[in-house]
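Note sheet for the following structure.
The values are calculated or read from the model by the stated rules, or taken from the named source; none is laboratory data. Since the model is a prediction, treat every value here as computed from it, not as a measurement. In this analysis, Cβ positions are derived from the backbone assuming ideal geometry, glycine residues included, and neighbour counts consider all displayed protein chains. Ligands, DNA and RNA are stripped out before the accessible areas are found, and what is left, the full protein with its side chains, is counted by its heavy atoms. Shrake-Rupley method; radii C 1.70, N 1.55, O 1.52, S 1.80 Å.
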Amino acid sequence: MALLELEGISKQFHARGGKGIVRAVNDVSLSIDAGETVALIGESGSGKSTLGRLVLRLLEPDQGAVRFEGIDLTKLNTKEMREVRARLQVVFQEPFESLNPRMSVGDIVSEPLIIHNRAMNSSEREIRVRETLERVGLRPDSATRLPGQLSGGQQQRVGIARAIITNPSLIVLDEPTSSLDLSVRAQILTLLADLQRELGLAYLFISHDISTVEYVSQRIAVMYLGEILETGPVTDVIKDPRHPYTRALLSSRLSTDPNESLPRLRLIGDIGSPTDVREIGCVLAPRCPMVIDACRDRKIELEPFAPHHDVACIRAAETSDALLASSSSGIEYN
Amino acid sequence: MATSPPNDSERTKAAKPTGQFRDFVQMHPIAVGGAFFIVVLILASLFAPLPYDPELPNPEVGISPPSADHWFGTDITGADVFSRTIAAAWVDLSLALAGTLLSLAIGVPLGLATSVKRRWSDNLVRGMDAFQAFPLLILALVLVSLSGNKLYMVVVAIALINIPRYMRLIRSEVLSLREARFMEATTAMGVPLPRTLRKHVLPNVMGIITAQTTLTMANAIVVIATLSFLGIGVAPPTPSWGSMIRSGSSNMISGEWWIALFPGLFVLICVWILNQLSDAISDFNTRTTR
Amino acid sequence: MTQTLLSVRDLSVEFVGHKSTVHAVNGVNLRVNAGEIVGIVGESGCGKSTAVKGILGLLQPPGQVTGGEAELAGHGDLLAMKNKQLRRVRGASVGYVAQNPFGSLNPIYSIEVQFRNILRAHGEPASQKIARERARTMLANVGIAGPDRVLDGYAHQLSGGMAQRVVIAMAMLLEPELIIADEPTTGLDVTVQRQILDLIRDRVVDSTRGILLVTHDLGVIAQYCHRVVVMYAGKVVEAGSVETVFGDPAHPYTSALLGAIPRPGHELTRLRGSVPDLRVIPTECSFKPRCDYEFAACSVSPNLREIAPDHLVACHLSERVGHGTS
């Protein structure tokens with residue numbers, strides 16, 4: 001049984017100013033097994049962070065089920081949900097903003113214990129906090145510090161310590177390294193990998209950076225305007241991307257080897273707005289270089305392309321060469 | 001243990017969160033000195049032996065300018081202006097403090113409550129806004145005179161003026177705090193609401209409450225002075241700065257400037273100090289979190 | 001012989017505070033030739049952005065240039081110029097593209113008015129019609145298909161990518177020889193980022209024009225720049241052609257940065273510690289506390305020296321074993 005199973009979840013928001021609705025997440029299904037990392041990749045407006053918040057029930061889905069350890073979280077009341085939260089944790093992108101600036105590091109890290117491990121007395125708690133701080137690579141005496149007195153990397157370690165202290169089985173990592181410098185990022189990614197191995201954690205790793213995703217995850221789901229367009233084992237999707245959007249995303253990656261230039265696929269124009277998503281048809285149709293009339297006729301569902309590799313594109317089977325040839329449209333903007 | 005690199009050398013920005021008061025003194029010596037002045041003033045007003053009985057008229061002396069015997073001169077009844085000014089400090093400041101504490105005690109919980117619940121809170125806020133549109137000083141005037149010049153009504157009046165301000169301030173502060181990422185983190189951790197309010201919301205609005213409280217004090221001093229200037233609230237012979245200014249104002253034209261000037265100066269100094277203190281607190285508050 | 005557009009020598013910038021002075025940029029040298037894209041790369045706090053702001057006279061107090069020169073071909077030393085003169089040169093001879101395009105666009109004027117204002121500020125009295133025509137040409141040039149719609153609109157109607165295109169068009173309006181772009185694609189989505197970078201490479205650079213591109217993204221440098229300047233703790237630690245510096249890095253910091261990019265199957269290089277305190281001028285190599293190759297000579301701060309044609313390194317290691325830390 002999967003640790004986390006999303007079944008057809010949707011979330012809409014009212015657009016600012018009351019004009020229309022934003023379909024932030026639209027009929028998304030996804031599963032994560034215990035101990036594995038599934039990456040959710042997409043650009044801004046793709047709905048990936050909203051999906052993360054739906055998993056954590058920081059937002060209520062309009063439709064669908066979020067099954068965690070076999071329980072549908074959407075059916076739980078606040079008290080029941082609180083019990084689940086010990087095993088379902090989160091680390092946010094902005095390390096400083098996600099820590100209460102007036103609480104010491106020790107208080108921040110021990111707070112989940114106070115809530116979830118009521119039986120623990122304060123000296124046991126203190127020992128546990130010290131252990132956890134050391135485990136994430138912080139000195140135990142940083143417990144007395146305020147978040148503002150730490151560097152960005154240290155702040156993110158505090159966030160990670162807070163997330164792991166109640167022995168969760170799943171952590172939602174919402175762009176945990178995006179605001180960090182390259183060398184600090186490498187430290188945090190290594191730490192996350194070590195923790196996963198030692199504690200058997202599963203990660204939902206939300207990111208826009210394909211190199212990071214390729215490095216950390218076993219499976220990947222590519223999101224665009226609220227929908228998953230392609231999902232599968234990370235090696236399959238990256239070696240043989242079948243959705244034009246995945247291909248475009250992959251080709252936007254910049255290799256650090258000056259002599260290696262990756263094949264290009266240019267989408268037309270900028271990312272669309274979730275407010276003007278069409279009722280039917282493929283969400284990528286307005287930007288897709290290989291769009292045909294059939295793409296606009298019906299909703300394009302995720303369909304198996306290869307074992308475990310699903311693609312939501314009616315031209316998924318066509319060769320990639322044809323695709324690249326059709327995308328020499330240059331930098332024109334429409 | 002995770003094989004993460006030692007982070008001992010990662011840069012840390014400041015010292016430990018101890019000695020905050022010392023930092024505050026170092027950063028804002030004027031405000032701290034001012035606060036010290038007010039404390040001394042209150043203590044003197046309560047306990048110090050005054051040179052003359054502030055409420056005792058002395059017809060033999062009559063009106064006289066500042067001298068070695070009477071530092072601030074004497075008023076029309078011959079009472080010592082210095083003794084009266086100092087004695088008035090406790091009368092005025094205690095009323096101001098009581099009014100401030102009452103508005104704090106009601107305004108802060110109201111602010112917290114209106115920022116948590118939705119439907120009725122909007123109505124309450126709108127009601128309070130309408131209430132604020134009313135000339136509140138006049139309301140205070142009416143209330144105090146209707147009560148037959150009861151001093152507790154002065155306190156109530158000050159509270160009425162300031163409760164909506166507290167409520168609005170706290171509400172807007174908490175509403176923006178709710179958008180903070182760490183508040184989302186508390187939800188994700190399952191922190192219960194009372195604990196969220198106590199541990200996450202209050203400490204983060206404490207600074208702004210303190211800053212606002214000193215401002216309220218300043219405002220209350222002005223309100224009390226205004227009321228007693230108009231002959232309401234503290235009535236002579238009990239000394240109060242407002243009534244002293246009032247009684248001295250008629251003498252200004254004829255040249256006896258000292259009767260109104262000294263109490264006026266004390267109002268000015270107290271209000272100025274409290275404003276300085278408020279600025280200093282909000283400045284310190286923003287600096288310590290970053 | 002290629003023409004040198006900008007030559008910066010010994011640039012230093014300090015932020016003077018009450019108690020301490022931050023030495024943000026310490027003796028930076030760099031050069032931009034016509035037809036070249038030169039990248040400055042480094043982590044936050046390395047002084048890359050401060051350096052270009054110093055060159056352009058855009059530093060806010062307490063930041064100030066404390067030494068060096070920045071020779072702009074045909075105009076003399078930018079750092080010695082009076083404000084008025086500098087304002088004329090900026091825009092006309094040096095274009096500037098900042099990280100956040102919306103910060104560079106005025107929200108209350110239409111895009112057309114902002115183009116016209118640039119022309120007017122530089123004493124190019126053009127009729128409204130001519131000004132609009134020039135703006136339209138520029139927008140078309142940066143790949144905007146409907147320039148009229150953009151000209152009549154306002155900044156808030158533009159997406160991030162479009163806004164950055166407009167800012168680039170504005171920077172190019174007076175046809176400056178040099179464009180300085182400070183993280184021009186950092187806030188943008190990855191697919192849009194490449195469009196903007198393509199635009200800069202294909203439409204902005206030509207045989208007479210050059211670009212100084214500040215970025216933290218090594219991929220941007222590798223794919224779009226000809227030469228690269230690697231900065232660490234306010235100093236240039238390595239400079240040269242991108243092929244050489246990225247293909248055969250001679251400074252341990254450059255190698256570490258390249259190794260910190262996640263690649264499947266590769267162990268990530270983890271740098272110990274973090275950037276040094278810039279309030280003290282170190283006598284030793286500023287990278288020494290984090291360096292795996294540190295040896296006796298490192299207690300003296302190394303100078304930038306040429307170890308091969310067009311390959312400069314500030315590391316004692318290069319003197320000892322030739323280069324190559326891998």
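A few comments on the model shown:
- Residue, farthest from the chain's Cα centre (by Cα), within the stretch C:120-152, restricted to residues that are small (G, A, S) and away from chain A (no Cβ under 14 Å): C:S127
- Screening B:S243 against (1) touching a residue at least 60 places away in the same chain (Cβ under 8 Å); (2) in contact with a helix residue (DSSP H, G or I) (Cβ under 7 Å, 6 or more places away or on another chain) leaves a single unmet condition, (1).
- Residues in the stretch A:1-23 that are open to solvent by 10 Å² or more (accessible area, probe 1.4 Å) and either assigned to a strand (DSSP E or B) or in contact with a strand residue (DSSP E or B) (Cβ under 6 Å, 6 or more places away or on another chain) (or both): 14 in all.
- Matching entry among C:R116, C:R194, C:R165 (being in a helix (DSSP H, G or I) and open to solvent by 30 Å² or more (accessible area, probe 1.4 Å)): C:R116
- Selection over the stretch B:95-115 of residues that are surrounded by fewer than 15 Cβ atoms within 10 Å (Cβ to Cβ) and either of a type outside the set (G, A, S) or at pLDDT below 85 (or both) gives a count of 1.
- So A:G137, is it touching a helix residue (DSSP H, G or I) at 6+ places or on another chain (Cβ under 8 Å) and on the phi > 0 side of the Ramachandran plot: yes
- Any hit, the stretch A:218-230, residues being touching a Phe, Trp or Tyr at 6+ places or on another chain (Cβ under 6 Å) and more than 9 Å from every other protein chain (Cβ to nearest Cβ): yes
- Restricted to the stretch C:198-219, and to residues there that are open to solvent by less than 20 Å² (accessible area, probe 1.4 Å) and either at the interface with another protein chain (Cβ under 8 Å from one of its Cβ atoms) or in contact with a His (Cβ under 9 Å, 6 or more places away or on another chain) (or both), the residue that is nearest to A:E260 (Cα to Cα) is C:G219.
- Scan of the stretch A:90-113 for residues that are open to solvent by less than 60 Å² (accessible area, probe 1.4 Å) and facing chain B (nearest Cβ under 8 Å), ordered by number: A:V90, A:F92, A:E94, A:S98, A:L99, A:N100, A:P101, A:M103, A:S104, A:E111, A:P112
- Which listed residue is more than 14 Å from chain A (Cβ to nearest Cβ), modelled with pLDDT of 90 or more and either outside any helix (DSSP H, G or I) or open to solvent by less than 40 Å² (accessible area, probe 1.4 Å) (or both), from B:T196, B:T213, B:T186: B:T213
- Checking each residue of the stretch A:41-59 against the condition of being in a strand (DSSP E or B), in contact with a helix residue (DSSP H, G or I) (Cβ under 8 Å, 6 or more places away or on another chain) and either of a type outside the set (S, T, Y) or at pLDDT 95 or above (or both) gives at least one match.
- Residue match in the stretch C:269-281 (condition: of a type in the set (G, A, S) and part of a helix (DSSP H, G or I)): no
- Residues located in the stretch C:263-279, provided they are of a type in the set (S, T, Y) and open to solvent by 40 Å² or more (accessible area, probe 1.4 Å): C:T269
- Sole residue being in contact (Cβ under 8 Å) with a residue 12 or more places away in the chain, open to solvent by 10 Å² or more (accessible area, probe 1.4 Å), more than 7 Å from chain B (Cβ to nearest Cβ) and within 27 Å of A:L51 (Cα to Cα), chosen from A:R82, A:R87, A:R130, A:R157: A:R87
- Qualifying residues in the stretch C:13-28 (those that are closer than 20 Å to C:V313 by Cα and more than 13 Å from the chain's Cα centre (by Cα)) - the one surrounded by the fewest Cβ atoms within 10 Å (Cβ to Cβ): C:G27
- Test: residue in the stretch B:152-161 that is small (G, A, S) and under 30 Å from B:S243 (Cα atoms): yes
- Yes/no for C:V28 being part of a strand (DSSP E or B) and either free of Cβ contacts under 8 Å to residues at least 40 places away in the same chain or under 17 Å from C:R209 (Cα atoms) (or both): no
- Unmet criterion (only one of (1) surrounded by fewer than 21 Cβ atoms within 10 Å (Cβ to Cβ); (2) modelled with pLDDT of 85 or more) for C:V150: (1)
- Count - residues of the stretch C:133-147 that are crowded, with 20+ Cβ neighbours inside 10 Å and part of a loop (DSSP other than H, G, I, E, B): 2
- Put simply, of C:A155, C:A181 the only residue that is over 19 Å from the mean Cα position of the chain (by Cα), crowded, with 19+ Cβ neighbours inside 10 Å, more than 12 Å from every other protein chain (Cβ to nearest Cβ) and within 25 Å of A:I268 (Cβ to Cβ) is C:A155.
- Qualifying positions in the stretch A:65-79 - of a type in the set (A, V, I, L, M) and open to solvent by less than 40 Å² (accessible area, probe 1.4 Å): A:A65, A:V66, A:L73, A:L76
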